[in-house]
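Quick note: the coordinates plus some simple rules give every number you see, no bench work behind them. Bear in mind that the values here come from a model prediction, so they are computed numbers and not experimental data. Methodologically, a virtual Cβ is constructed for each residue, glycine included, from the backbone with ideal geometry; neighbour enumeration extends over all protein chains shown.
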Amino acid sequence: MAVQIASGKVAISATINGEPQTWLSEPRETLLEALRDRLGLTGCKEGCSNGNCGACNVVMDGRLVNTCCVLAVEAQESEITTVEGLGTPDGLIPLQKNFLEEAGLQCGVCTPGFLVATKALLDKNPNPTDDEIRWWLAGNLCRCTGYDKILNAIKKTIAETTTE
Amino acid sequence: MRAIQYAAPRSLGDAVAILQERGNKARILAGGTDLIVQVGEDARDVDVMVDGKHIPELMELSFDPEKGLTLGAAVPCYRIYEHPEIKKHYPGLVDSTSIIGGTGIQGRASVGGNLCNSGPAADSIPTLIAYGATVRIVGANGERTVPVENFCTAPGRNVLAADELLISIHLPAPSAHSGACYLRFIPRNEMDIAVVGAGVSITLDDNGIVTAARVALAAVAPTPLFVPEAGDSLVGKAPTEEAIAAAAEIAKNTARPISDMRGTAEHRKHLVGVLTRRALHRALERARA
């Protein structure tokens, strides 16, 4: 057969947060597992592992995806942005700063997913309505905040950006 | 997840060769939002995932005003609902693809995958039936075409043989004065599985008389349910409030739902009447626009 069928570990090359990376993953590994266990990018959280909660959201080739529903081998030659690619502990992006100031988090497990998903929305649509924000984030679950504080943080970020 | 193998063929022939050799233990991987979860939860016995996203025919998305819409089986939802000509000519497809999962799911999940997963509550299938869509299938013995209403055979089962895969879905060219709509009922606003769904289409002549109409339902039978009698009852008539209510009543009486954690059979039948009527009115507005 002409097509190679991979059984053991596969060398995967992708650009992650702007840096070229190569690592080995078995076909059974999800992208979530590879990011956390092979690359140490533990910002990506395992919430439900079935596509319902959004805690494992990253941007892959320009689109928001749930990494629990992507195999690591599917990320071959892709460009990925995780929460680690947004800011640094000393240099938070305005969205991260506003999540802190508006108390848009409590336990924090959903927060990386919310940050990545929101960044993806604002990159596409810098001035979304409340409805557009809530629809876009429908796949991100938070059991602590009741969502309003997250919305406040996002709306504050939009207001700061649009008045600059 | 159990150990699996992975292949990324570049052609239909190479993919079929793997399916032929590995049979039911091989499965085409499109968006993965059902398959990866099912294998991860040991709900599906798969040894090799055959990634379809490197096969050009499975990623094709093309519209021709004469020939209609070709939707490759692995094209993700976002490419469908962001496509300007789909928004213009196939709004029912936008209704369906924009409510399947959340944004992250829509970044990967495909209509072809939704169809092959063959869930009774699948949000895209009634819409495809309403549009009179057909699917192109290839296997070891060549190609065949199947109308979408004949594709699913039982919950999670369909007409694909072990050596076959879905290449693409074809929607006929839009007729003048035609409209379609998909509505579903869920207890919240988003991110849930349909209690009932209704996909409809309607076509009018220059005098506003119905020349064709199709109604299909989700989550009220073991497979997505085509109700030809409901659409046919409108043909030759003006689409009045009464005529639409009568078509909705036929759909309601044809549905054969079960009671489960999402709703009782009685509630589902009631919803079929309401959703079919509302979807027909919305489709009519679109046909007249």
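Quick notes on this one:
- Quotient of Cα Rg and 2.2 N^0.38 Å for segment B:5-51, N being how many residues it contains: 1.09
- Approximating the spin labels as points 7 Å out from Cα along Cα→Cβ, the residue A:127-to-residue A:11 distance works out to 5.0 nm.
- Remark on residue A:30: its backbone amide H falls under 5 Å from those of A:72, a criterion applied only to residues 5 or more positions apart or on other chains, H modelled at 1.01 Å from N.
- Grouping the Cα pair distances of segment A:94-163 into 5 Å bins from zero gives a pair-distance distribution of 3, 18, 33, 29, 12, 3, 0 percent in increasing distance order.
- Peptide-level mean, for A:27-35, of C-beta atoms on other protein chains within 10 Å: 3
- For segment A:123-164, the spherically averaged projection of the C-alpha convex hull amounts to 3.1 nm².
- A simple count of charges around residue B:185, restricted to other residues whose Cβ falls under 13 Å of its Cβ and scoring Lys, Arg +1 and Asp, Glu -1, yields +4.
- Cα-derived Rg over Rh, computed across segment B:56-171 with Rh taken as Kirkwood radius: 0.94
- Distance histogram in 5 Å bins (all Cα pairs of segment B:178-288, percent per bin): 2, 14, 25, 24, 16, 10, 5, 2, 0, 0
- Per-residue [θ]222 nm for chain B (sum of -39500 (n - 2.57) over DSSP H runs n ≥ 4, rounded to 500): -9000 deg cm²/dmol
- Value at 222 nm in deg cm²/dmol, rounded to 500, when DSSP H runs of n ≥ 4 in chain A each add -39,500 (n - 2.57): -8500 deg cm²/dmol
- Of the peptides B:124-135, B:64-75, the ranking by mean beta-carbon count within 10 Å, highest at the top, reads B:124-135, B:64-75.
- Per-selection Rg to Rh, chain B - Cα, Kirkwood hydrodynamic radius: 0.98
- When segment B:24-66 is reduced to its Cα atoms, the Kirkwood hydrodynamic radius in Å: 11.9 Å
- Antiparallel %, DSSP beta bridges [both residues in the protein assembly as shown], to 5: 85 percent
- When the convex hull of its Cα atoms is projected in every direction, mean area for segment B:124-201 (nm²): 6.5 nm²
- Using the Karplus relation 6.51 cos²θ - 1.76 cosθ + 1.60 with θ = phi - 60°, the per-residue 3J(HN,Hα) values for segment B:42-58 come to 6, 8, 9, 8, 10, 9, 9, 9, 9, 5, x, 7, 9, 9, x, 4, 7 Hz, with x marking Gly and Pro.
- With contacts taken as Cα pairs under 8 Å at a separation of at least 6 residues, segment B:56-171 carries a relative contact order of 27 percent.
- Under 5 Å from the amide H of residue B:168 lie the amide H atoms of B:73, B:136, each residue being 5 or more positions distant or on a separate chain, with H modelled from the backbone and absent for Pro and chain starts.
- Summarising the overall dimensions of segment B:198-245 from its C-alpha atoms, the Rg and Dmax are 11.6, 39 angstrom.
- Relative contact order (%) - criterion: Cα under 8 Å, at least six apart; region: segment A:28-71: 42 percent
- Cα-projected label distance for residue A:42 with residue B:150, points at 7 Å along beta-carbon direction, nm: 5.7 nm
- Per residue, the average separation of C-alpha pairs within less than 8 Å and at least 6 apart gives chain B a relative contact order of 16 percent.
- Amide H contacts of residue B:153 (H built 1.01 Å from N, under 5 Å, at least 5 apart or other chain): B:158, B:159
- Pairs exceeding 19 Å between alpha-carbon atoms, taken from B:67/B:87; A:119/A:149; B:53/B:88; A:45/B:25: B:53/B:88; A:45/B:25.
- Working note: Karplus 6.51/-1.76/1.60 with θ = phi - 60° gives segment B:263-271 the couplings x, 8, 4, 5, 4, 5, 4, 4, 5 Hz, where Gly and Pro are set to x.
- For the pair residue B:162 and residue B:193, the difference between a 0.36 nm per residue extended length and the Cα-Cα distance amounts to 8.4 nm.
- The protein assembly as shown - Rg and Dmax from Cα coordinates, angstrom: 22.7, 70
- Residue B:61 versus residue B:25: modelled label distance in nm, points set 7 Å from Cα along the beta carbon direction: 3.6 nm
- On the principal axes of its alpha-carbon atoms, segment A:1-128 has extents of 57, 28, 26 Å, going from largest to smallest.
- Take each peptide in B:89-97, A:52-60, B:206-214, count the other Cβ atoms within 10 Å of every residue, and average; sorted highest first, the result is A:52-60, B:89-97, B:206-214.
- Summed side-chain charge close to residue A:50 - residues other than residue A:50 whose Cβ falls under 12 Å, Lys, Arg +1, Asp, Glu -1: -3
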